Amino acid sequence: MRKIYYSVFIVTVLVLSMMLTTVTAFAAEPQGKGKGLQTAPGQDESFDRGLTTTVTTSQVVTHDGIVTTEETVGPSSVETAVVATDVSTDVVVTYGIEYHNTHATWWRDTMTTTTTTTTTTTTEATTTTEITTTTTTIPVTITETTVTTDIRHGSPQGNGAAVSSESVTTTSVEYGEPIVTTGLPSIETSVDTDVETAVSVTSETKPVPPGDWNKS
């Protein structure tokens, strides 16, 4: 009988030891909200009521700029020059009869020379203008932030089934101080061409040589 009691006592001690070990392990597992868990950069993880919530934040930053230009027109100068002159002459000879002033029956042959002179003048006016360009650049920084919230069953160390996943993306825009730059002046040249035509007509009537009167 003493041997049997001794064996039962040993079995009871072993069972109590196993129960204490189980309770200790259960108590060691987080049962409330947990902060400071091992996470990656940009990630926050918490455990509450049997659910693990992982919040991941990522950002994409791009840089752009708003560019405007303004031209300032300075003083202008104009130079005029004659670049071409063309002269053409046209001569026409016509024949006629001239009667004497006092002798009505006297006459003689005449010839009339008509000379037409056309002068064409081409003038160029060159205008030179100084132009200065000012460029204004406003830096723009665009930040796109995406926050993804994943909820799953179990502890952070576990691999429980997913409950939900939600992503929210927001965009912010920041404007920097304007940067103003002024370029070197540029010279702009324009040429205007003007063509003028002048016509001169002269006529001269003379007796046909020898210029004698015909008396009839």
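Local charge for Thr112 was computed over the other residues whose Cβ lies under 15 Å away, with Lys and Arg +1 and Asp and Glu -1, and equals -2. With only the Cα atoms considered, region 115-216 has a convex hull volume of 316 Å³ per residue. Using the Karplus relation 6.51 cos²θ - 1.76 cosθ + 1.60 with θ = phi - 60°, the per-residue 3J(HN,Hα) values for region 164-171 come to 7, 8, 9, 10, 10, 10, 10, 10 Hz, with x marking Gly and Pro. Using heavy atoms of the protein chains and a probe of 1.4 Å, the accessible area assigned to Val191 is about 80 Å². Would you mind counting up the charge near Thr136? Only other residues with Cβ under 13 Å from its Cβ, with Lys and Arg at +1 and Asp and Glu at -1. Combined, the nearby Lys, Arg, Asp and Glu give -3. For Val208, the amide hydrogen comes within under 5 Å of the amide hydrogens of Asp109, Thr110, Met111, counting only partners 5 or more places away or on other chains and with H modelled in the peptide plane.
Hey, any idea what % of region 102-187's accessible area is carbon plus sulfur with a 1.4 Å probe? Carbon and sulfur atoms account for 54 percent of the accessible area of region 102-187. Each other residue within a Cβ distance under 14 Å of Thr85 adds +1 if Lys or Arg and -1 if Asp or Glu, for a net charge of -4.
Zone of Thr134 (label point 7 Å along Cα→Cβ, backbone N under 20 Å): which residues in region 164-206? Under 20 Å, as judged by backbone N against the label point of Thr134, lie 176-188 of region 164-206. Per-residue 3J(HN,Hα) values for region 138-144, derived from phi via the Karplus relation 6.51 cos²θ - 1.76 cosθ + 1.60 with θ = phi - 60°, read 9, x, 10, 10, 10, 10, 10 Hz in sequence order (x marks Gly and Pro).
The values are calculated or read from the model by the stated rules, or taken from the named source; none is laboratory data. The shown structure was predicted, so the numbers you read here are calculated from the model rather than taken from an experiment. Note that each Cβ is placed from the backbone with ideal geometry, even for glycine, and that neighbours are counted across all protein chains shown. Heads up: the accessible areas ignore ligands, DNA and RNA and are worked out on the full protein's heavy atoms, side chains in. Shrake-Rupley method; radii C 1.70, N 1.55, O 1.52, S 1.80 Å.
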